[in-house]
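Q: Can you read through this structure? Questions will come right after.
Taken together, the values in this text are just the output of simple stated rules run on the coordinates, not laboratory data. Since this is a predicted model, take the numbers as computed values, not measurements. Cβ coordinates were reconstructed from backbone atoms using ideal geometry, including for glycine residues, and neighbour counts include every protein chain displayed.
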Amino acid sequence: MGANKKESGKEYSSNWGGRRPGQGRPKGATSVSKESEKTELERRAKEAGTTVSKFIHSLLFSEKN
């Protein structure tokens, strides 16, 4: 029982959790997609003659009939 510690009446093993090799999202897995999305947003905003934030705002709150 030396590997366990008591905290507020519950036992927790020191072997639980932590980092495991090969687990999780690979580094850089989404950066290519996000960069291309950002570039596309910047391009469209420039074509519309506005900033990216104003372009997104207009997309979100424009009234469509």
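Q: Ranking request for peptides 18-26, 44-52: highest mean number of other beta-carbon atoms within 10 Å first, then the rest in descending order.
A: 44-52, 18-26
Q: While we're on this one: 7 Å from Cα along Cα→Cβ at both Leu41 and Arg19: what's the point-to-point distance in nm?
A: 3.1 nm
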